[in-house]
Amino acid sequence: MGRSRFLDIRIELFVGISNELLNHSVKIAVIINPRAGLPKLLPIIRLRIQQHFSALGNELKSYEITPQVDGTACGKQALQDGAELLVAAGGDGTINRVAQAIIGTEIPLGLLPLGSGNGMARTLGIPLKLDLALELYKNPVFRKIDTGKVNEKVFLISCGFGLDAIIAHDIERSPLRGTFPYILSAFRRSFTEPVEQFRLTNLETGETWDRDAIAISILNSAQYGGGAIVAPGAVPDDGLFHLVEGLELNAFEVFRFAYRIFHGTLDREPKVIMRQINRIRLERISERREMHIDGEALYSERVNIIENIPLSLRVLVGPKYQSGWKTTSTA
């Protein structure tokens, strides 16, 4: 039996089991990031969540992320309190932190997208409107997806070095939210940032190559969020990442590059090299250290080991992906 068919059978069996989760009253922990979305609407959001899960007959307890207590700590506390389902209410960074509390366990993760890009929600087919997302919990379907590690840092959909990481750092400092600041920073930085030198090694095959690139991205999903399709064809449950190497662009190519990202055709761009990979060593030859993990601005080591952790997280999926992902998916 081939590996692909074996995984299909495991997933089919798993979905059948997980559909039973909310057929009885369960303990649900909702972990809210009060800084996500529109903070002024937080009281309304809390009330709507409480009303919805109470109407389903579930026991609900809410936890709030603070500067002192992050999503991972909230998730671990919820598990100690007996939670059977964690629901992360926030953006991709919030979802990442909450997921870290349960990766490698059988506890499932739900999400309510309240962020700017909502790349994870788009990857899983979760509606971006709160009421529609809540409706999924009436008859939920959960599937297992891969996660990744950069050294000991966990990511769910993407990590990046170079231009996209510098943009993430710009966004962290910006008072604006939404897609516009990303676009503004991307165009400004595309014309001013020099290429960076990388040395890459495929740890499965031993192949090593040097690359002068504006960005190196590793994706477990087709997109970053906000409609930006960076790795057409990437799916979150095949045990592989898409490695995307962006080469230096001139002024005309920057606009062509942007067009392709938002039309799902970046794989046709001659200034982009894509390959599938499971484990990679990424060495930064220059002094730059900016990186991002699921859109969160961080700093990397000089040498980074990036590896895929297959089928390590149970997640709620929307109707489009309840039977799994197709390799042509860009939604």
How tilted is helix 42-55 with respect to the longest principal axis of the chain? Cα atoms for both, answer in degrees (0 to 90, nearest 10).
50
Could you provide, to the nearest whole Å², the per residue accessible area of the chain with probe 1.4 Å?
45
With a 1.4 angstrom probe the carbon and sulfur portion of accessible area for the chain, in percent, totals 55
Counting pairs of alpha carbon atoms under 8 Å apart in space and at least six apart in sequence, what relative contact order in percent does region 199-257 give?
31
Can you give me the solvent accessible area of Lys129 with a 1.4 Å probe, rounded to the nearest 10 Å²?
140
Please tell me the relative contact order of region 58-164 in percent, rounded to the nearest whole number, where contacts are Cα pairs under 8 Å and at least six residues apart.
19
Which whole-number percent gives the relative contact order of the chain, counting Cα pairs below 8 Å spaced six or more residues apart?
21
Report the charge-dipole magnitude of region 70-192 in Debye, nearest 20, computed about the Cα centre from +1 at each Lys and Arg Cβ and -1 at each Asp and Glu Cβ.
300
How large is the dipole of the chain about the Cα centre if only Lys and Arg carry +1 and Asp and Glu carry -1, each at its Cβ, rounded to the nearest 20 debye?
580
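Antiparallel as a % of all DSSP beta bridges within the chain, to the nearest 5?
75
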Ignoring everything except DSSP H segments at least 4 long, calculate the 222 nm mean residue ellipticity for the chain; use -39,500 (n - 2.57) per segment, divide by total residues, nearest 500.
-8500 deg cm²/dmol
Report, to the nearest 10°, how far helix 251-261 tilts away from the longest principal axis of the Cα atoms in the chain, using its own Cα long axis and a range of 0 to 90°.
30
Beyond 26 Å, what share of the Cα-Cα pairs of the chain remains, rounded to the nearest whole percent?
46
Using amide H atoms built in the peptide plane, which far-off residues or other-chain residues are under 5 Å from Leu109 H to H?
Arg314, Val315, Leu316
So for region 219-331, using the alpha carbon gyration tensor with a ≥ b ≥ c as root eigenvalues (a/c under 1.5 gives rounded; past that, a/b versus b/c decides prolate or oblate), I'd call it oblate
Given a Förster distance of 51 angstrom, what is the FRET efficiency for Val303 paired with Gln77, based on the Cβ-Cβ distance and rounded to 0.05?
0.90
Dimensionless Rg/Rh of region 25-120 - Kirkwood Rh, Rg from C-alpha atoms:
0.94
So, with +1 on the Cβ of K and R and -1 on the Cβ of D and E, and no other charges, what is the size of the charge dipole of region 173-319 about its Cα centre, to the nearest 20 debye?
380
Straight-line reach from Lys27: which aspartates and glutamates have Cα under 15 Å away, leaving out those fewer than 8 places along the same chain?
Glu59, Asp81, Glu84, Glu106
Among Gly119, Gly91, Leu56, whose Cα projects farthest towards the positive end of the dipole of the chain, with charges put on the beta-carbon of Lys, Arg (+1) and Asp, Glu (-1)?
Leu56
Crossing angle, helix 180-190 versus the chain [Cα axis fit, 0-90 degrees, rounded to tens]:
20
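Kindly provide the GluC sites (Glu not before Pro) of region 96-152 that DSSP labels as loop, not H, G, I, E or B, and whose Cβ sees at most 14 other Cβ atoms within 10 Å.
Those satisfying the criteria are Glu106, Glu152.
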Estimated translational D of region 183-261 in µm²/s (Stokes, Kirkwood radius over Cα pairs; 25 °C; 0.890 mPa s)
175
Accessible-area value, Glu204, 1.4 Å probe, nucleic acids and ligands omitted, Å²
110
How long, wide and thick is region 143-292, going by the Cα atoms along their three principal axes, in whole angstroms, largest first?
37, 37, 31
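The values are calculated or read from the model by the stated rules, or taken from the named source; none is laboratory data. Only a predicted model underlies this, so the values are computations on that prediction, with no experimental measurement involved. When we count neighbours, we look across all protein chains shown, and the Cβ atoms used for this are built from the backbone with ideal geometry, even at glycine. Only protein heavy atoms, including side chains, enter the accessible area calculation; ligands, DNA and RNA are left aside. Shrake-Rupley method; radii C 1.70, N 1.55, O 1.52, S 1.80 Å.
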